[in-house]
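The values are calculated or read from the model by the stated rules, or taken from the named source; none is laboratory data. These figures come from a predicted structure and were not determined experimentally. No Cβ is skipped: glycine too gets one built from the backbone with ideal geometry, and neighbour counts run over all protein chains shown. Remember, those area values only see protein heavy atoms, side chains included, never the ligands or the DNA or RNA. Shrake-Rupley method; radii C 1.70, N 1.55, O 1.52, S 1.80 Å.
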Amino acid sequence: MNRHSCPQAAHPRRVTVIGAGYVGLTASVCFAALGHRVTCVEHNPHQLRRLLAGEVPIHEPGVAELLADGVGGGRVGFTGDAGEAVPGSAVAVLCVGTPARPDGHPDLRQIASAAAEVAAAATGDLVIVVKSTVPPGSCEAIEVIAAESAPAGVRVTVVSNPEFLRESQAVDDFFNPDRVVIGSEDGPAGDLVASLYPATWPLLRCDRRSSELIKYASNTFLALKISFANEISGLCEQAGVGAGSVLAGVGADRRIGSSFLAHGPGFGGSCLGKDLTGLIATADALGSPAPVARAAAEVNRWARGRVIDRLEAIAGPVTGQRIALLGLAFKPGTDDVRDSPAVSIAEGLLARGAHVSAFDPIASEPKLGGIECRDAYAAARGAAAVIFATGWPEFGLLDLARLSGAMSGHLLFDLVGVVDAPAAAAVGLELETLGRGTPTSFHPVVVPPLEWCLDVAIA
Ligand code: UGA
């Protein structure tokens, strides 16, 4: 994708973006590709130096090409000072973090200070666009904070425009949106934000609270779909069937759909878990019950916890055993380890006294204390078991005979469905997966329905 193969916004504008993380940097280069002139403000001096040198500090396919294109065409620039970027900009797009506090409530301090900063730098009326995920009511609160910082005579209007892109396919998601949600009670401000996008894109206009809640509810629904898949996966184990085929059959119903129905070690990353607890905190604050969201969070805790319990049920206590972990990223295609199930499995193994070695193609987690190896075979050396914890496609291409030769044991525990079962069997490796029970047992699976058929208790 470059400027020439990309649809153009009807009105090229000057845009300030605050924050050069996954969302901010992707938005910056994609807005530039749509024809806007973007100045991205990044306060972290190390990140800023890299960006000014033309480096991309995140792993996100397509961003480097768009960045080179945008910088080359004079449509993307970086600064550490909002005062340099905001004057002359039509909009300031806030893409800063809204992490969860330890109690699960959203921490909105970064977005509040970003809003105050751009408002203080405004030399004329300014529209602040909130792309960060925030609870309903936040844009109205941010508008109050921004108004206090704005110079006399400058009107600041806040519009909600949540981002729905996924890490590892962020550019593709930006250019192929299912919907672009624009929440504003101020018609002209909403129109201005709409004009940042090509007129042919599916725009969904609404009020700000609805827009904010659309993002929260969307991530919550994705989380509960995954938790539902994991709950069914656990049930499949007990019922002696395979979750893969059960969930494929469920997802084949177009009303349900197969996406986000993959079972595994639970969802991770910086968004789903945070937004789930944010929605619960919002519901609590407003006195509205949220039992479904709570259950999704509870099942996710269980999905993570079951991995080591299951491993110990198969291979005995992990204490003193060498276990190899393949994958550290929270999902394939990214170097992001925030709230990664793989990392929490590593931590759980270390806490139980296992000797853990790990390998990930691009992600790294220094806080695990130097357990990382140069490749999968090195990680597997002397291991009683190898856990496949992130679904990198390249793990499916490993030479299993070589892997087996490096190991001391012969157990592969595939949490993410990358290992070819016949290939593992061919080299004498035992393959365990999640969501697969033993299909032979009559009791106890068949007894309950038999009772319910006969309506009598069976001894
Ligand atoms: C998520 C949403 O998908 C985006 O729409 C949203 O914009 C983004 O959060 C955000 O709020 O910024 P992301 O966190 O990048 O995107 O990752 P996902 O692709 O949603 O995956 C989240 C987690 O769910 C990963 O750990 C993944 O392995 C897991 N997952 C996903 C499953 O366990 N099963 C599935 O079927 C799908």
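One table, with the values for the structure above:
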| quantity | calculated |
| --- | --- |
| Test: residue in the range 435-444 that is at pLDDT 95 or above, among the polar types (S, T, N, Q) and out of contact with any Pro (no Cβ under 6 Å at 6 or more places or on another chain) | no |
| Cβ pairs under 7 Å, 6+ apart, first in the range 196-225 and under 17 Å from Gly137 (Cα atoms), second within 11 Å of the ligand (Cβ to nearest atom) and acidic (Asp, Glu) | Tyr216/Asp275 |
| Residues that are surrounded by fewer than 15 Cβ atoms within 10 Å (Cβ to Cβ) and closer than 29 Å to Pro332 by Cβ, drawn from the range 60-98 | Pro61 |
| Test: residue in the range 28-35 that is touching a residue at least 12 places away in the same chain (Cβ under 8 Å) and open to solvent by 30 Å² or more (accessible area, probe 1.4 Å) | no |
| Number of positions in the range 188-224 that are part of a helix (DSSP H, G or I), over 22 Å from Pro99 (Cα atoms) and not aliphatic (A, V, I, L, M) | 3 |
| Scope the range 261-274; condition within 6 Å of the ligand (Cβ to nearest atom) and not aliphatic (A, V, I, L, M); matching residues | Gly264, Phe267, Gly268, Gly269, Cys271 |
| Checking Pro444 against (1) open to solvent by 50 Å² or more (accessible area, probe 1.4 Å); (2) closer than 30 Å to Ile232 by Cβ; (3) assigned to a helix (DSSP H, G or I), the condition it does not meet | (3) |
| Residue in the range 347-361 that is within 15 Å of the ligand (Cβ to nearest atom) and modelled with pLDDT of 95 or more present | yes |
| Test: residue in the range 277-297 that is modelled with pLDDT of 95 or more, touching a strand residue (DSSP E or B) at 6+ places or on another chain (Cβ under 7 Å) and either more than 28 Å from Ser138 (Cα to Cα) or among the hydroxyl-bearing types (Ser, Thr, Tyr) (or both) | yes |
| Any hit, the range 110-130, residues being within 16 Å of the ligand (Cβ to nearest atom), of a type in the set (Asp, Glu) and either under 23 Å from Arg338 (Cα atoms) or in contact (Cβ under 8 Å) with a residue 12 or more places away in the chain (or both) | no |
| Flag if Ser227 is polar (S, T, N, Q) and either outside any helix (DSSP H, G or I) or within 16 Å of the ligand (Cβ to nearest atom) (or both) | yes |
| Unmet requirement for Thr277, which otherwise passes all of (1) closer than 27 Å to Gly97 by Cβ; (2) near the ligand (Cβ under 9 Å from one of its atoms) | (2) |
| Matching entry among Gly305, Gly273 (being more than 18 Å from the chain's Cα centre (by Cα) and not aliphatic (A, V, I, L, M)) | Gly305 |
| Among the residues listed as Glu185, Glu163, the single one being outside any helix (DSSP H, G or I), in the same structural domain as Arg13 (by TED's automatic domain parsing), farther than 18 Å from Pro12 by Cα and within 16 Å of the ligand (Cβ to nearest atom) | Glu163 |
| Only one of Arg338, Arg304 that is among the basic types (Lys, Arg) and part of a helix (DSSP H, G or I) | Arg304 |
| Unmet criterion (only one of (1) modelled with pLDDT under 95; (2) closer than 25 Å to Ser168 by Cβ) for Gln47 | (1) |
